[in-house]
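What follows is a short report on a single structure.
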Amino acid sequence: MDGCQSGVPTYEGDLHVVAAAHHIVKALGATKNLSDDLRKILIDLDSHLSMITSNIDSKGGRGLVDVEERLDQAERKIMRWETDPMMIWDSGPKEASDYLEAVDETGKLVDGLRGLSVHENRKQKEILHRAMNILQMAMSRLEEELIHILVRHGQQFEPKHMYSRSIRKDIVYDESFISVEDEPIKETSSRNYSNDESGECIVDLVHADVIPDIKSIAKVMFTSNYGPEFCEALISVQKEALEQYFSFLGTENLSIEDVLKMEWTCLSSKMNKWTWSMKIIVRVYLASEKQLCDQVLGGLGSVSSYCFLEISKATILCLLNFGEAVAMGPHRPEKLLRLLDMYETLACLLRDIDTLFSEEAGSFIQLQFHELLERLGESAIAAFEAFRVAISSNGSLYPFAGGGVHPLNKYVMNYIRMFPEYCNTLNLLLKNQHPGVADQVTEPDYGLDASLLTSCPMAYHLRSITSCLESNLHKKSQLYKDEALQHIFLMNNIHYLVQKVKGSELRLFFGDEWIRKHNAMFQQHAMNYERATWSSVVSFLKDDNPGSSSMSKSTFKERCKGFSVAFEEVYKTQTSWSIPDPELREDLRISTSLKVVLAYRTFLGRNLAYTDDKCVKHTVEHVENSLLDLFEGSSRSLRNSRRW
Amino acid sequence: MTGTDQSSFLGRISIRRNQVNAMEGYHEQEIEDLELFQKQLSDRFAELLSAPDDAPTEAFLSISWIRKLLDVFLCCETECKAILLMERDAAQISKPPLDRLIPELLERVVKAMDICNAATNGVELVRHCQKLAEIAVSALEQKPFGEGQARRAKKALVSLMSAMHVDDKESSVQKTAERSWSFGRRSGNKDRHHGHYRSLSWQVAKHWSASKQIHAMTMNLAAPRGPEASCLPAPVYILSLIIVFVMWVLIAAIPCQERSGLTTHLPINKHVNWTHSLAGIHDKIGEEWKKKEKKGMAGLLYEMQKMEKLGQSLIEFTDSYQFPGEKEKLDEVAAQVAELAEVCRRMDEGLVPLQMLIREAFHRLVRNRTEFLDVLEQGAPVV
């Protein structure tokens, strides 16, 4: 366009050329689908040509007068609003478009007058300055209008219907296992949003109706080189809106020091909230913000992404810093699942982040996200190790009363029951982690039937964890002086282990072979129990001379007494023992019954002659019924049993 | 200081440790390492101290100077950690007095991380100032220049001044945060967006205070005496002091949440050779801070101070400007505008790298803490 500035045509021929050119430009300008850049060039050219024409005319003085008239008219329209307390865009579309027209006109006049060499004409210079004054006033006003529109039509969306918050109960590791409960956890309530379910979820942060208004303000401000002012205003309002939304979500800025000192329950709920807010902020809010910037500033090169970055940067850094603080905190076992939640959230947002901040200026944010992801992964692994250490180092000074299912066992099994939900992530993170040599598991031979699940890293680590648990339980069983109780304890606990595995997705990772092996294990303990408890009791009933028909009365008496005393002793002790699983309890009673009652019946049957004697303290039925009282967890005595 | 310097220093320690580990003379070697390290520290800080007060690019407290300071910090940190941890038996670290000194060091490290984050937020404020100054420059550079452009420049400059004199006190942050958007009428919104950087994201946390953090970091920070001065407590002290010092400079230079009462005295032991230059820098900044503190200001960053001075003068000009203006005045202003444009250009070049460097320092502190914790854990007596 520089070439146009040199000359003002002085003769007729030029005038025609200018007129023809003007005509073409006007015709071109009427075309739809022009790029904004091209349209701007045509507008500039148009005003420039009309200025040349008026300048030629001004030989007769008419041209400048015409320009001045046009400016007067625009000025009146612009100045009218300077004293009006109403906002223009609130007053109606007609007012707004009139105003924009006047600003547009002023801008054209400024461009046109500037294109002419200003030194020639004092009058012309005066008009230019007046026009620039008016333009400045209008731009300042447009900036205010813009802020007003953004604020007034800004919309907050309720996050509730987007994602339901994870309400999984925490499983906290503490020596007392207060928090351990054995209720079934509703799997569905815990993670009811999957990673890709949310999809594209864009809302209108500013009401869709006013987007064209904002666009028209952007257009006229950028055309007049007031783009930076437009951006600063947009950034300031949208940045603050994002911050307000951030606190509306209940997320607050926390220093790293605060996070490191935070109690677990509080931290856990903050981690939960972070996971939730992060998703909403990135997937919904920032995606929508990006769309808004693109809608308003599309076609202006990198301006849109610049504004988007400025709007979002501070809040993003705030979220990232919380993540960093969590990742660097002490690696306690209970943190594992929350850390995995955070890790997975971030991992599935990475693609969005890379898209949102794809420009070079945004690479800083991209990088921070990738670094945090790595850090959270490391931290999750450390928490996983802490979990393993906690299991193997959990020690007890006293035996666990009753020999039932140990709380450590409940804690571990309820905890690892959640792992299959994190299978992919755990496999990824554990790929290069080997469980300590000391904990090496003797892996069952899966042979050719091994499924992928039983041989994935997580499966390996799961089995290594349960093997830590088993060896700890063995250690705990040594605390019982009574060998029979040791077996009851191990039977109970291994049975529980197997039940938990069988009753959940864990079975896929442990495999049938493992289950078979462990079934056999607790059955072995059941048999060992029977041997340890009942062999000596039943030995009283044994027939020393299988050939002869009966024993002497005194022997019978002695045997009978021995049996009663031993049985009563067992009754007294073992009623206080506990087998929490009703089926297992029943099975053991039946098999005990088979062994003891049968022996007792045979013994009495063979010595029918003496059975009236008072020395037969217990009837067969009585013994049979008494066995039903065993393992109920409350100590009883058989002293006045005759009444039964 | 160059990368090769550092790698050769680290190599030296590594080789030395391998050669003489568990041998007689170990201690002498360590003393020698420590002396070499202190000599390097002294040189680096001397270079920083010798920066000219008013030079276009490398001035004292300029963006590039702070970047250099952070580079020095990152190097020292690596070397100090090498002296402390490389090839060392973990048990040594968990013996008294280190069992007390290292946890204290780590407390400081955590506080320093928060300060890094505050400074990152502060750099955002500086960038905001840069954008406003750029608007003013482009208005003032307009040809032909008229009252319209003068008003445009003034508007941007007034915003710039109010952004610069952002009150870093908590009360004002809350006031802004609570202020609701309610202006159906225009009277309420005349200057509303000037203060927007006092918003929530500017905060590290509620009630957080940069000056209190520095104060807490200086607690128990005392130079080791007697025999301790030449063994492990020495590098712990050096590392602590450098962390506190660098964070203190960051807070003084870059706007941060709540700086009032920023300690102007750090416990720098001036009787040791290597701290001479450090103390020199400290005194120089301390004096500057005392001079400016009362006024409430955006920080001692050279570019910001320059911007403030030029901004004020240009506001005066735009205030009294009447078309067409005196030639002499216009020339003077043109020079100022060129200077402001130059400041903007330097900010444009330097602020993003500075912010990244601060973030790198942050990540380094995170890793540093993890490494120390790992060693402490290894060395912890088995219960």
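Throughout, read-outs are computed from the coordinates displayed, never taken from laboratory work. Everything quoted here is computed from the prediction, not taken from an experiment. FYI the Cβ positions are ideal-geometry reconstructions off the backbone, even for glycines, and counts take in every protein chain you see.
Computed from label points 7 Å out along Cα-Cβ, the spacing between A:H23 and A:E513 is 9.2 nm. Is the shape of segment A:394-535 rounded, prolate or oblate, going by the alpha carbon gyration tensor and its root eigenvalues a ≥ b ≥ c, with a/c under 1.5 for rounded and a/b larger than b/c for prolate? It is prolate, given that a/c is not under 1.5 and a/b is the larger ratio. State whether segment A:472-549 is rounded, prolate or oblate according to the following rule on the C-alpha gyration tensor (a ≥ b ≥ c being the square roots of its eigenvalues): a/c under 1.5 gives rounded; otherwise a/b larger than b/c gives prolate, and the remaining case gives oblate. Verdict is oblate for segment A:472-549.
Restricting attention to segment A:542-644, lysine pairs at least eight places apart or on different chains and with alpha-carbon atoms under 17 angstrom apart total 13. As a proxy for reagent exposure, A:L135, B:L330, A:L349 were ordered by neighbouring Cβ count within 10 angstrom, fewest first; the result is B:L330, A:L349, A:L135. For segment B:305-352, GluC sites (Glu not before Pro) are listed when DSSP marks them as loop and at most 13 other Cβ atoms sit within 10 Å of their Cβ; the list is B:E326.
Basic side chains Lys and Arg get +1 at the Cβ, acidic Asp and Glu get -1 at the Cβ, and with that the dipole of segment A:447-530 about its Cα centre reaches some 200 debye. Using the Cβ of B:G379 as centre and a radius below 11 Å, the other residues enclosed give a net charge of -2, where K and R count +1 and D and E count -1. Along the Cα→Cβ direction, 7 angstrom out, place labels at A:D629 and B:S230. What is the inter-label distance in nm? Computed distance between label sites A:D629 and B:S230 equals 8.2 nm. Max-minus-min Cα coordinates of segment A:542-644 on each principal axis give 44, 27, 18 Å, with the largest extent listed first.
Close amide H pairs (under 5 Å, H built 1.01 Å from N) link A:V206 with A:Q155, residues at least 5 positions away or on another chain.
Charged side chains reduced to their Cβ positions (Lys and Arg at +1, Asp and Glu at -1) give segment A:542-644 a dipole of some 520 debye around its Cα centre. Using the structure shown, select from B:K306/B:K327; B:K154/B:K292; A:K40/B:K327; B:K111/B:K270; B:K154/B:K206; A:K125/B:K329 the pairs with a Cα to Cα distance greater than 30 angstrom. Checking Cα-Cα distances, A:K40/B:K327; B:K154/B:K206 exceed 30 Å.
When a footprinting reagent is the concern and you count Cβ atoms within 10 Å, what order do A:S91, A:S576 take, fewest first?
A:S91, A:S576
So what's the gap between the Cα centers of segment B:340-369 and segment A:320-339, to the nearest angstrom? Between the Cα centres of segment B:340-369 and segment A:320-339 lies a distance of 27 Å.
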